[in-house]
Amino acid sequence: MEQFLRVGVISTVHGVHGEVKVFPTTDDPRRFLDLKEVLLDTGRGHLTLEIKNVKFFKKFVIIKFKDYDKIEDIEKYKGKDLLVSREHAVALEEDEYFICDVIGAKVITDTEDELGILKDVLQTGANDVYIVETKAGKEVLLPVIKECVLSIDVENKVVLVHIMPGLLD
């Protein structure tokens with residue numbers, strides 16, 4: 001399992017006083033109000049940034065970090081990920097999981113056939129959709145509904161599915 005979870009990506013600077021526009025990658029952008037600090041993935045390591053102020057603008061979160069008071073201080077981090085450690089992640093309900101914990105899982109059918117590897121998850125609003133790459137390199141889209149996804153074993157990275165009629169056509 002990943003040690004850190006991405007909660008946002010710095011998209012651009014906001015104004016000239018060191019604020020940044022962050023595209024949230026978390027289900028609830030308002031969680032930034034509860035965060036005291038985040039880790040910036042610089043590409044060479046992690047830099048701890050203390051959050052001084054949070055505002056919301058359209059689909060973005062505007063964040064001001066302590067000790068970053070000029071545009072020049074922060075603009076070099078455009079496109080970089082903001083992370084939290086698992087201990088600072090939101091608490092999960094029963095049968096909930098983080099998407100990063102199922103990516104790479106082996107997908108097995110209820111007839112014990114190996115369908116492939118879960119490569120990505122599309123979040124459509126109504127329900128998520130798993131993108132599974134078969135051994136033949138074909139992509140299969142599986143709706144994450146109880147009739148199709150029977151169980152998810154995060155520990156062993158195995159997803160058990162029922163192939164509904166027409167899904168493999």
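Overview of values
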{"read-out": "Residue check for residue 133: part of a loop (DSSP other than H, G, I, E, B) and either out of contact with any Asp or Glu (no Cβ under 8 Å at 6 or more places or on another chain) or not assigned by TED's automatic domain parsing to the domain that holds residue 26 (or both)", "value": "no"}
{"read-out": "Search result, residues across segment 123-138 that are surrounded by 13 or more Cβ atoms within 10 Å (Cβ to Cβ) and within 19 Å of the chain's Cα centre (by Cα)", "value": "127, 128, 129, 130, 131, 132"}
{"read-out": "Any hit, segment 112-119, residues being at positive phi, in the same structural domain as residue 157 (by TED's automatic domain parsing) and not β-branched (Val, Ile, Thr)", "value": "yes"}
{"read-out": "Yes/no for residue 150 being surrounded by 13 or more Cβ atoms within 10 Å (Cβ to Cβ) and in contact with a His (Cβ under 8 Å, 6 or more places away or on another chain)", "value": "yes"}
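The values are calculated or read from the model by the stated rules, or taken from the named source; none is laboratory data. None of these values were measured; they are calculated from a predicted model. So basically every Cβ, Gly included, is an ideal-geometry build from the backbone, and we count neighbours across all protein chains shown.
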